[in-house]
Amino acid sequence: MAADDTRSTPSSEPKTAARGTRTPPMFSPPADSIATRLAAVSYHPHIGSAAAWDAAQWNLTSIRSTVNALYARHAVTDDPAARAMLNSEIIAAEERQDAAYSAAFEMPSPHMAALLWKMQEVLEIEQDGFTASYSAAGIKPVMDDAARFASAERSPTRLHSEWATARAAYVVAREGENEADAAGDKEAAERWLVRRSNAEDVLMAIPSPDAAAFAFKFLIAHGGGRDTDCWNGILEREAFAFAQVEG
């Protein structure tokens, strides 16, 4: 809420904005020589990215700290002109907070910890002893995540299908990047780099259906002298799982 001209106390509880619905961005290939190949690939935007989730949470935490700091300054400021300026800063900061909150809340949860955060937000006990009431649209991100995690025990056929689709998306993005680099088209190469990075996150989030898939993941993370350690936890867990199967 916006501050008025009376002395206020910094809010200890971050403001919760109304939750709306947001359609996940569809994969939009750049207009170049392999766009037709990419258009045939299903991108699976429902699989959450842990890196994107961490970034969204960091952004929200940072903005919340800014809002609380502004309220703290407002509470000890007596000069009317300074308080009016702080009022404007608080309004702008709370708008950024609302946007950051919506972005984090509507983002597909990459793991159960993310889903727990969303559930704690919507099931927070208020002063009257009850939880808040939300619309169907407001609760949809939580229900979508819950449904996805509930079906996490994929059948082998479904898992192989998901893997094959995600792998195809990665290969197409990688080839697009290579072709753009070879042509000296820096702008197209940057676009393909973003798509390849997103495809890597999607691919890594899918459990390897077999040892060949695990090897493919390992080469993405560490092949060709690359040393990407953000996926080491995933690779280690899968390595242990395959070792137990083989043993």
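The values are calculated or read from the model by the stated rules, or taken from the named source; none is laboratory data. Fair warning: this is a prediction, and the values are worked out from it, not measured in the lab. Here the Cβ is made from the backbone with ideal geometry for all residues, glycine too, and neighbour counts use every protein chain on show.
So His111 clears everything in (1) over 13 Å from the mean Cα position of the chain (by Cα); (2) surrounded by fewer than 17 Cβ atoms within 10 Å (Cβ to Cβ) except one condition, right? Which one?
Unmet condition: (1).
When only residues in region 178-235 that are under 18 Å from Pro110 (Cα atoms) and small (Gly, Ala, Ser) count, which is surrounded by the most Cβ atoms within 10 Å (Cβ to Cβ)?
Looking at the filtered set, the residue picked out is Ala199.
Taking only region 112-127 into account, find how many residues are of a type in the set (Asp, Glu) and modelled with pLDDT under 85.
Residues flagged as of a type in the set (Asp, Glu) and modelled with pLDDT under 85 within region 112-127 amount to 2.
Go through (1) exposed (fewer than 11 other Cβ atoms within 10 Å of the Cβ); (2) not assigned by TED's automatic domain parsing to the domain that holds Glu238 and name the single condition Ala146 misses.
Looking at each condition in turn, Ala146 falls short on (1).
Identify all residues within region 221-234 that are touching a helix residue (DSSP H, G or I) at 6+ places or on another chain (Cβ under 6 Å) and not polar (S, T, N, Q); write none if there are none.
The first filter runs over region 221-234 and keeps only residues touching a helix residue (DSSP H, G or I) at 6+ places or on another chain (Cβ under 6 Å), leaving 221, 228, 231, 234.
Listed by number, the residues that qualify are Ala221, Trp231, Ile234.
Which of the residues belonging to region 236-247 are hydrophobic (A, V, I, L, M, F, W, C) and either surrounded by 12 or more Cβ atoms within 10 Å (Cβ to Cβ) or within 19 Å of Ser49 (Cα to Cα) (or both)? Show your work before the answer.
The first filter runs over region 236-247 and keeps only residues hydrophobic (A, V, I, L, M, F, W, C), leaving 239-243, 245.
Once the filter is applied, which keeps residues that are hydrophobic (A, V, I, L, M, F, W, C) and either surrounded by 12 or more Cβ atoms within 10 Å (Cβ to Cβ) or within 19 Å of Ser49 (Cα to Cα) (or both), region 236-247 yields Ala239, Ala241, Phe242.
Which one of these does Phe242 not meet: (1) among the aromatic types (Phe, Trp, Tyr); (2) without any contact (Cβ under 8 Å) to a residue 60 or more places away in the chain; (3) under 16 Å from Arg167 (Cα atoms)?
With respect to (1) among the aromatic types (Phe, Trp, Tyr); (2) without any contact (Cβ under 8 Å) to a residue 60 or more places away in the chain; (3) under 16 Å from Arg167 (Cα atoms), Phe242 is out only on (3).
From the list Glu106, Glu94, Glu89, Glu124, which one is of a type in the set (D, E, K, R) and under 12 Å from the mean Cα position of the chain (by Cα)?
Working: Glu94 fails: under 12 Å from the mean Cα position of the chain (by Cα); Glu89 fails: under 12 Å from the mean Cα position of the chain (by Cα); Glu124 fails: under 12 Å from the mean Cα position of the chain (by Cα).
Matching residue, one of Glu106, Glu94, Glu89, Glu124: Glu106.
Taking interchain pairs and intrachain pairs at least six residues apart, which have beta carbon atoms under 8 angstrom, with the first residue in region 200-218 and without any contact (Cβ under 8 Å) to a residue 40 or more places away in the chain and the second surrounded by fewer than 20 Cβ atoms within 10 Å (Cβ to Cβ) and acidic (Asp, Glu)?
Qualifying pairs under 8 Å: Phe214/Glu238; Lys217/Glu238.
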